[in-house]
Amino acid sequence: MNYGIVLKVLGNILMVESTLMLPALSIAFYANEHDRMAFLITVIITGVIGFIMSKKTVIKNNVNVREGLAIVALGWIFASLFGALPFYLSGSIPLYVDALFETVSGFTTTGASILSNVEGLPHGVLFWRSFTHWIGGMGILVFTIALLPALGIGGFQIFKAESPGPTKDKIMPRIKDTAKILYTIYFSITILQIILLKLGGMSFFESMLHTFGTVGTGGFGIKNNSVAFYNSTYIHIIIGVFMLLSGVNFSLYYSLFKGGWKDVFKNEELRLYLAIVLMAIIAIAVNLSVTSYAGVFRSLRDSFFQVSSIITTTGYTTANFDIWPTFSKMILFTLMFIGGCAGSTAGGIKVVRILILMKLIKRDVTKLFHPRAFISIKNSGKKVTDETIVSISGFFTLYIMIFVISTIIISLEGLDIVSTSSAVAATLGNIGPGLGVVGPASNFGGFSSASKVLFSFLMLSGRLEIFTLITLILPKNWTMEI
């Protein structure tokens with residue numbers, strides 16, 4: 001392990017994080033609220049420590065697989081540890097474990113919260129809380145590479161470990177160019193949604209914060225009842241549409257920009273993603289119309305919003321779906337595991353993995369009747385390698401194992417099975433709200449500190465595709481490089 005380069009890059013990440021706190025610091029001073037000193041102290045501490053670490057002398061100025069994985073895992077942990085300080089120092093969240101949980105939830109774009117009265121938070125803290133979603137959406141590490149190409153440090157291994165999904169389309173041959181393109185798309189979607197929400201009657205501040213949570217698929221609400229506070233079909237539809245857009249592989253937007261419309265429409269993952277969304281919306285809307293809601297329009301509106309929110313792992317709510325019929329809740333629970341597309345800001349297992357696993361099952365069934373047949377698995381016309389199939393199978397197995405083991409551990413809290421299992425699914429899948437005790441009308445504040453630490457680990461594992469964080473605890477990866 002090349003410790004020097006790891007410390008150097010981590011130092012740069014902390015300096016970037018310190019800079020990213022400046023808007024929240026400015027807002028805190030402008031509003032003249034008590035959180036201003038907390039941000040000032042945090043900016044100084046984070047920046048100074050980052051600067052010292054960045055001056056580490058490096059013998060080999062390259063990032064290999066081990067270093068890339070270590071930087072990604074430790075980068076998210078360091079960013080969360082320092083990012084929690086404004087919550088803690090301002091007194092907005094008195095316990096540091098709770099502040100860390102909230103920050104991890106923000107950076108991992110989970111949206112699970114321990115707060116019951118978010119409307120009582122000072123403006124600076126409220127901004128930073130939602131801004132962590134936007135930062136985490138595409139990855140603070142890719143952000144570092146995009147802004148600091150002059151570092152001269154090879155970044156592809158970092159980007160590969162950071163980006164969600166089993167495959168990475170190499171949009172451009174140079175990682176800094178790729179990062180810039182992705183962030184151009186990210187900025188464009190962000191600005192467009194802010195404008196549309198402002199036109200819908202939201203204040204500029206509220207439009208920004210809701211957009212941060214939407215584009216980053218995070219879902220931290222700034223009202224105690226989330227988006228339900230805005231009794232506006234226009235606002236619900238805008239946020240719902242942009243959640244779905246943020247759950248799409250961002251490389252497809254670049255393909256659209258380059259005129260590759262046919263490639264986009266032929267993309268099997270996108271087609272399956274849209275098909276799942278459509279079927280879930282119709283099924284839930286029909287179920288609500290028959291059992292709970294008087295009007296079809298309201299059933300469709302709430303069904304569309306909650307399906308969009310859950311499958312993209314955003315977590316915004318316009319209705320308390322915990323009181324919906326069991327059929328509707330089971331559909332939403334299933335969507336928690338599926339998640340969005342690879343290469344998007346969404347969490348979950350990812351649609352492309354589900355697609356390939358379905359094709360794998362189909363192939364195995366076919367081979368029962370035709371043992372000697374050679375059947376290759378393809379995704380959007382491209383052959384899927386055996387290595388990728390093994391990787392996807394391993395990821396799925398590990399995902400389910402972590403879910404089961406964590407559910408058993410959390411069951412020590414003495415809660416019902418629905419609350420326990422959905423709490424684990426909501427954090428591992430980076431969704432936010434679950435069912436029962438952690439439903440849309442509740443939060444994670446009632447869990448013990450030990451459970452919150454486990455939930456934080458699950459959120460980081462889900463955001464970093466499990467393997468990245470697992471490699472951090474393997475001793476052989478920390479052998480000194482000669």
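The numbers here are math on the coordinates, done by the rules we state, and not lab data. Please read these numbers as outputs of a predicted model, since none were measured by experiment. Glycine gets a Cβ as well: all are built from the backbone with ideal geometry, and neighbour counts include every protein chain shown.
Taken along the Cα-to-beta-carbon direction at a fixed 7 Å, the label points for residue 364 and residue 261 span 4.1 nm. Which aspartates and glutamates, if any, have their Cα less than 19 Å from the Cα of residue 262, not counting same-chain residues under 8 positions apart? Cα-Cα hits under 19 Å: 169. Mean separation of Cα pairs under 8 Å and 6 or more residues apart, divided by the residue count, gives the chain a relative contact order of 18 percent. On a 29 Å Cα-Cα criterion, which of the cross-link pairs 258/383; 258/329; 378/452 come out too long? Pairs exceeding the cut-off: 258/329; 378/452. Here the calculated FRET efficiency for residue 278 and residue 412, from their Cβ-Cβ distance with R0 = 41 Å, stands at 0.55, rounded to the nearest 0.05.
Rounded to whole numbers, the Karplus 3J(HN,Hα) couplings from phi for the range 437-443 are 5, 10, x, x, 8, 10, 8 Hz, using 6.51 cos²θ - 1.76 cosθ + 1.60 with θ = phi - 60°, and x at Gly and Pro.
Counting neighbouring Cβ atoms within 10 Å and putting the fewest first, the residues 437, 352 line up as 437, 352.
Anything in the chain that counts as a DSSP H helix reaching 30 Å or more along its axis (C-alpha) with Kyte-Doolittle mean of at least 0.5? List them, would you? The partial results should precede the final answer.
Details: long enough: 175-199 (36 Å, 1.24); 268-291 (34 Å, 1.70); 386-410 (36 Å, 1.81).
Span-like helices, by this rule, are 175-199, 268-291, 386-410.
How about the range 226-318: which trypsin sites (Lys or Arg not before Pro) there are in a DSSP loop, with at most 15 other Cβ atoms within 10 Å of their Cβ? The qualifying sites are 258, 266.
Backbone amide hydrogens, once placed in the peptide plane, bring residue 379 within less than 5 Å of 384, excluding anything fewer than 5 places away on its chain.
When each of 362, 329 is scored by the number of other beta-carbon atoms lying within 10 Å, the sequence from fewest to most is 362, 329.
Loop-located trypsin sites (Lys or Arg not before Pro) across the range 363-410 with a Cβ neighbour count of 11 or fewer within 10 Å are 372, with loop assigned by DSSP.
Applying a DSSP loop filter and a limit of 15 other Cβ atoms within 10 Å to the trypsin sites (Lys or Arg not before Pro) in the range 52-117 leaves 55, 56, 60.
Going through (1) 33, 27, 20; (2) 37, 28, 21; (3) 32, 30, 22, the figure that equals semi-axes √(5λ) of the Cα gyration tensor in Å as computed for the structure here is (3). Which parts of the range 1-45 would a label at residue 64 reach, counting a residue when its backbone N lies under 14 Å from a point 7 Å out along Cα-to-Cβ? Within reach of a label on residue 64: 1-6.
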